[in-house]
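For reference, the structure discussed in these notes is given below.
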Amino acid sequence: MPRFDDPALQAIYDYLVTGLPSGHRSGRPDAAAIAAREGLDLGLGGRQAVRRSTAGPTRRPRPATRQTVLVFLKGYAPTMRTEFLRVQAARWAGLMLPQKEIERWIRALGVTAASQVADCRRYGIGLASLGTVLDGHPARRWLRGGECAAAVHARAAAAGIDLSS
């Protein structure tokens, strides 16, 4: 068995000759096990090495389709005519939002509020801020009562409230 003067080269050679250390998962050596076997200090302070995920960045949910929105609208508003719901589903799907977010907006502002939601997003009014009280009423109530998103935004700005969330 050859011996190397460089300890790092010797450690690599020893690893390749002896195979995987006992602490390995699915054919991959565990960093802590290799460090212990080679007498190295990884600076982990007794913690296990954290394996990085190879899964890549998390992706934003896909935008809802007309059909999925229509199915939700039929369940949410069963007494409305299907032709009317189809038009509303197309408007909601045009916002390119995930299905869950569309459902939350519909519950907050109503079936016909797709254009109002587009304005809310344009003015930075977030879904979570619809419960914020402005002049004695939640922002949701002002919007449902017919006030435009610009006016609600102006109300909040006058009171020093940020509705983006």
Query - Residue check, P21 at pLDDT below 95, farther than 24 Å from R140 by Cβ and either touching a Lys or Arg at 6+ places or on another chain (Cβ under 8 Å) or hydroxyl-bearing (S, T, Y) (or both) - result: yes
Query raised in the report: Tally time: how many residues in region 62-86 are outside any helix (DSSP H, G or I) and within 10 Å of Q99 (Cα to Cα)?
Result: 4
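Matching residues to (1) over 30 Å from Y15 (Cβ atoms); (2) in contact with a Ser or Thr (Cβ under 6 Å, 6 or more places away or on another chain); (3) modelled with pLDDT under 95; (4) among the hydrophobic types (A, V, I, L, M, F, W, C):
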{"position": "E38", "(1), (2), (3), (4)": "no, no, yes, no"}
{"position": "L42", "(1), (2), (3), (4)": "no, no, yes, yes"}
{"position": "A55", "(1), (2), (3), (4)": "no, no, yes, yes"}
{"position": "P63", "(1), (2), (3), (4)": "yes, no, yes, no"}
{"position": "V69", "(1), (2), (3), (4)": "yes, no, no, yes"}
{"position": "E83", "(1), (2), (3), (4)": "yes, no, no, no"}
{"position": "L95", "(1), (2), (3), (4)": "yes, no, no, yes"}
Query - All helices (runs of 4 or more DSSP H) inside region 106-165 with 3 or more residues being within 21 Å of the chain's Cα centre (by Cα) and without any contact (Cβ under 8 Å) to a residue 60 or more places away in the chain - result: 114-122
Query raised in the report: Can you spot a residue in region 97-113 that is crowded, with 19+ Cβ neighbours inside 10 Å and β-branched (V, I, T)?
Result: yes
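The values are calculated or read from the model by the stated rules, or taken from the named source; none is laboratory data. Every value quoted in this text rests on a predicted model; they were computed, and no experiment measured them. Cβ atoms come from the backbone with ideal geometry, glycine included; neighbour counts cover every protein chain shown.
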